[in-house]
Amino acid sequence: MKPRIIQGLVVLAWGIQADLIWFALPMAATLEARYFLNRRWALTKQDFYRVADLTSVAMVGMIIFLFLNARSYHFITTLFQWLPILFFPLVIVFAYSTTEKMTLDVLFYSLRRQKEPVQQSWDMDYLFLGLCVLATGFNTDDRSLFFPLAAIAILWSLFPLRSTRYRAGIWILVVSITFLVAGFTHQMIREAHLAVKAKTEQWIAAWIMQRTDPLKTRTALGKVGRLKLSDSILFRIKPIGGQGFPSLLVEASYDHPSTGASMEWAVWETNFTSVPHEDDFTWRFADASPGETAAKIYLEFNRERSLVPVPASLSEIHDLPALEVKLSKYGAIQGSGMVPSPSFEIKYSLGNQLYGPPGEIDLYLDEKHEALLSRIVKRANYPARHSIAFIQNFFSDFKYSLFQETVNEANPLEDFLYSRRAGHCEYFASATTLLLRQMGVPSRYVVGYSVHEYNEALGMYIVRQRHAHAWAIAHVGGEWLVVDTTPGVWLAEEDANANLLQPIFDFFANYSFMFQLWWNEQKIEDYKFELYIIGGILALILIWRIATSEQVIISREGNEESRSWLPGKESPFFKIVAYLSDEGLKRDRGEVLRHWLIRIQKPELLPLLGIHNRWRFDPRGVSANEKLALNEQVDHWILGQVDQGPQEN
């Protein structure tokens, strides 16, 4: 039984739902045309293997294409939507060949190498029908029509295969009720799933927020230091119009120190203010000026809400993949509704500053910190420039060290200032910020990234995880100045401690990045001519293969069309089937021969059925003597029935 008409309609429904109607129209027409043509091609297994291998190559190509274009296409959704196109060549060669079903070795290369012939087979028409129904369900715009379409398709395709024991109306009613109950149950399960999912997400979010700080409203000594242990590349920066770029990128700044053992910094005001749009993806932070410089930052965000690292002199962000951008008084920029995108552009000018004006909190020192720092300088209001020079001179004989043992875990800052006199940027930045306040200068603690590694091949700055940095800013003369007391050798020391294999890793990472940039700029429209040439070559090969293949004219009288392709079609047992049918003992559609013989109370024919089944399905077949014996027994049984005369049913 072939799913006539319904198969073409399902293909059209798939084309409409997946927005691939111009593919679906010729596919549906080609599938349905075979029922009006009596010509078939006697294709060999090797022909089927070639088409299957071509399908596999197309599948691999499709997977690679979707992997490289994950930002433009949803991988799973697009792959399933295109499956009917990928498998159509295999379906159509079986539809127009003398082979009714596809054996599994056509699809699975491993089965082609086994010695025993493969007997398991699939009806490609029903397989393709199910594939189209599945692909239709992956429509991302309007799924309201999918369930009724799928129910009608399944009902229509199963109707010819139903048992004739039941009336058609009863069968349709039972199946319809089954579909309705299944749809209702599915909807209830889905609603329950969404409710549980929402509650679970809320619980997980609350649990995480208690233990982490995704927007960096606080930090502690050691957090930046842990980042410095990795050479991995976080993002790249391409200056537009030159090599110059600010040496520091700000991610967050803090104004409130704690006295705990971990020496934490926090923000006193956690509020962010929305920045108005200039257009859909452009935000201005300062008026445009003639001295503005632009750059492109290749950074892909993996959170729906995230901080954006930018220079403190930022004036504009363009093409940031966010629904909303907010700015805090500390100069931190937060993007909300972020979606994956490879890059965004910024403009900056030396006269701009993102930091808000200082407040009383920027001079705050608790008693413990004041007492600790009094051993260096008494608390008082010193001239700002003098204070900065004093602090820089104080740290001039300190050393930079990323790896060290903590001597005084109760107060790591005291240990840094008076015992070790060595540490990494967090220690210098924290101590500098507190010393500035001790001397009456408003100050804040800032974390971000140092930008110094320029790659000539890319024409870009590379920012690694170990380039994470911390420094202090001081408010002097109405503006915020960077006060970075970390010894300048820190960059050279960390470069010297980099992984010996880093150049190899960088080579592959950078050239993969360059290929990704090139690939993102490619458009399918740019290769129309090449695609037409390839399609034309494949069409000519197909026409040549069809023209040179052996062709068969099939007969459509009675059941000869379906019987002509049956293995063991010459078995004499079919004469018994025909005789009993003429006597009114008809076999139900789809009923197994064994069950039929038992139902009509003809158990004496079961031994003959066993030989018949071996003749048809056993790859070893039956011997010539067994065939001759079966033929004689069939004739003898039919003659015996004729001699007995008509029987009552």
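Within region 275-325, count every residue that is closer than 22 Å to Ile462 by Cα, basic (Lys, Arg) and surrounded by 12 or more Cβ atoms within 10 Å (Cβ to Cβ).
Here the count works out to 1.
Which one of the conditions (1) touching a residue at least 40 places away in the same chain (Cβ under 8 Å); (2) within 22 Å of the chain's Cα centre (by Cα) does Ser336 fail to meet, given that it meets all the rest?
Tallying (1) touching a residue at least 40 places away in the same chain (Cβ under 8 Å); (2) within 22 Å of the chain's Cα centre (by Cα), Ser336 fails exactly one: (1).
Can you go through Leu12, Leu90, Leu54 and tell me which one is of a type outside the set (Ser, Thr, Tyr), crowded, with 18+ Cβ neighbours inside 10 Å and either in a helix (DSSP H, G or I) or at pLDDT 80 or above (or both)? Quick ask: steps written out before the conclusion?
Working: Leu12 fails: crowded, with 18+ Cβ neighbours inside 10 Å; Leu54 fails: crowded, with 18+ Cβ neighbours inside 10 Å.
Going through Leu12, Leu90, Leu54 in turn, just one is of a type outside the set (Ser, Thr, Tyr), crowded, with 18+ Cβ neighbours inside 10 Å and either in a helix (DSSP H, G or I) or at pLDDT 80 or above (or both): Leu90.
Rundown of residues vs (1) buried (at least 19 other Cβ atoms within 10 Å of the Cβ); (2) assigned by TED's automatic domain parsing to the domain that holds Pro340; (3) hydrophobic (A, V, I, L, M, F, W, C), yes/no style:
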{"site": "Ala33", "(1), (2), (3)": "no, no, yes"}
{"site": "Leu43", "(1), (2), (3)": "yes, no, yes"}
{"site": "Thr77", "(1), (2), (3)": "no, no, no"}
{"site": "Leu111", "(1), (2), (3)": "no, no, yes"}
{"site": "Val118", "(1), (2), (3)": "no, no, yes"}
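Sort out which residues of region 626-649 are at pLDDT below 85 and among the polar types (S, T, N, Q), and write them in order of number.
Listed by number, the residues that qualify are Gln641, Gln644, Gln647, Asn649.
Yes/no matrix, rows are residues, columns are (1) of a type in the set (Val, Ile, Thr); (2) closer than 18 Å to Ala384 by Cα:
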position: Ser419; (1), (2): no, no
position: Leu436; (1), (2): no, yes
position: Val447; (1), (2): yes, no
position: Val463; (1), (2): yes, no
position: His475; (1), (2): no, yes
position: Gly478; (1), (2): no, yes
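Can you name the residue in region 459-480 that is touching a residue at least 40 places away in the same chain (Cβ under 8 Å) and surrounded by fewer than 17 Cβ atoms within 10 Å (Cβ to Cβ) and, of all such residues, is farthest from Phe395 (Cα to Cα)?
Among those that are touching a residue at least 40 places away in the same chain (Cβ under 8 Å) and surrounded by fewer than 17 Cβ atoms within 10 Å (Cβ to Cβ), it is Gly459.
From (1) within 31 Å of the chain's Cα centre (by Cα); (2) surrounded by fewer than 17 Cβ atoms within 10 Å (Cβ to Cβ), pick out the condition that doesn't hold for Arg39.
Here Arg39 meets the rest and fails (1).
Has region 365-380 got at least one residue that is within 18 Å of Ala470 (Cβ to Cβ), buried (at least 17 other Cβ atoms within 10 Å of the Cβ) and at pLDDT 90 or above? Spell out how you get there, then give the answer.
First, the residues of region 365-380 that are within 18 Å of Ala470 (Cβ to Cβ): 369.
Subsequent filtering for residues that are buried (at least 17 other Cβ atoms within 10 Å of the Cβ) retains 369.
Now drop any that are not at pLDDT 90 or above, which leaves none.
Among the residues of region 365-380, not one is within 18 Å of Ala470 (Cβ to Cβ), buried (at least 17 other Cβ atoms within 10 Å of the Cβ) and at pLDDT 90 or above, which makes the answer no.
Name every residue in region 365-385 that is touching a residue at least 24 places away in the same chain (Cβ under 8 Å) and outside any loop (DSSP other than H, G, I, E, B), in order of residue number.
If the condition is that a residue be touching a residue at least 24 places away in the same chain (Cβ under 8 Å) and outside any loop (DSSP other than H, G, I, E, B), then Lys368, His369, Glu370, Leu372, Leu373, Ala384, Arg385 are the ones that fit.
As an exercise: evaluate Arg303 against (1) of a type outside the set (Ser, Thr, Tyr); (2) touching a Pro at 6+ places or on another chain (Cβ under 8 Å); (3) at pLDDT 85 or above and give the number of the one condition it does not meet.
For Arg303, the exception is condition (3).
Could you tell me which residue of region 481-515 is surrounded by the fewest Cβ atoms within 10 Å (Cβ to Cβ), considering only residues that are among the aromatic types (Phe, Trp, Tyr) and more than 30 Å from Phe394 (Cβ to Cβ)? Spell out how you get there, then give the answer.
First, the residues of region 481-515 that are among the aromatic types (Phe, Trp, Tyr): 490, 505, 507-508, 511, 513, 515.
So of that shortlist, the ones also more than 30 Å from Phe394 (Cβ to Cβ) come out as 505, 507-508, 511, 513, 515.
Values: Phe505: 13, Phe507: 11, Phe508: 9, Tyr511: 12, Phe513: 17, Phe515: 11.
Residue satisfying both the conditions and the ranking: Phe508.
Are any residues in region 306-337 among the hydrophobic types (A, V, I, L, M, F, W, C) and either touching a Pro at 6+ places or on another chain (Cβ under 6 Å) or part of a strand (DSSP E or B) (or both), and if so, which ones? Please lay out each step first, then the result.
Initially, region 306-337 is screened for residues among the hydrophobic types (A, V, I, L, M, F, W, C), giving 307-308, 310, 312, 314, 317, 320, 322-323, 325, 327, 332-333.
Across region 306-337, the qualifying residues are Leu307, Val310, Leu314, Ile317, Val325, Leu327, Ile333.
How about region 400-519: which strands (runs of 3 or more DSSP E) wholly inside it have at least 2 residues that are hydrophobic (A, V, I, L, M, F, W, C) and under 26 Å from Pro358 (Cβ atoms)?
Numbers: elements: 443-450, 453-455, 460-464, 468-476, 479-483.
In region 400-519, the matching strands (runs of 3 or more DSSP E) lie at 443-450, 468-476, 479-483.
All but one of (1) modelled with pLDDT under 80; (2) under 21 Å from Tyr364 (Cβ atoms); (3) not β-branched (Val, Ile, Thr) hold for Gly244; which doesn't?
With (1) modelled with pLDDT under 80; (2) under 21 Å from Tyr364 (Cβ atoms); (3) not β-branched (Val, Ile, Thr) applied to Gly244, the lone miss is (2).
Just give me the residues in region 144-181 being at pLDDT 75 or above, loosely packed, with under 12 Cβ neighbours inside 10 Å and touching a Gly at 6+ places or on another chain (Cβ under 8 Å), in sequence order.
none
Scan region 620-638 residue by residue and report those that are polar (S, T, N, Q), loosely packed, with under 11 Cβ neighbours inside 10 Å and not in a loop (DSSP other than H, G, I, E, B).
Initially, region 620-638 is screened for residues polar (S, T, N, Q), giving 623, 625, 631, 633.
Among the residues that remain, those that are also loosely packed, with under 11 Cβ neighbours inside 10 Å are: 623, 625.
Asn625, the sole residue that qualifies.
Quick check on region 191-209. Is at least one of its residues at positive phi and either at pLDDT below 70 or of a type in the set (Phe, Trp, Tyr) (or both)?
Among the residues of region 191-209, not one is at positive phi and either at pLDDT below 70 or of a type in the set (Phe, Trp, Tyr) (or both), which makes the answer no.
The values are calculated or read from the model by the stated rules, or taken from the named source; none is laboratory data. In this text the structure is predicted, and so the values were computed from the model without any measurement. All Cβ positions, even for glycine, are placed from backbone atoms using ideal geometry, and neighbour counts span all protein chains on display.
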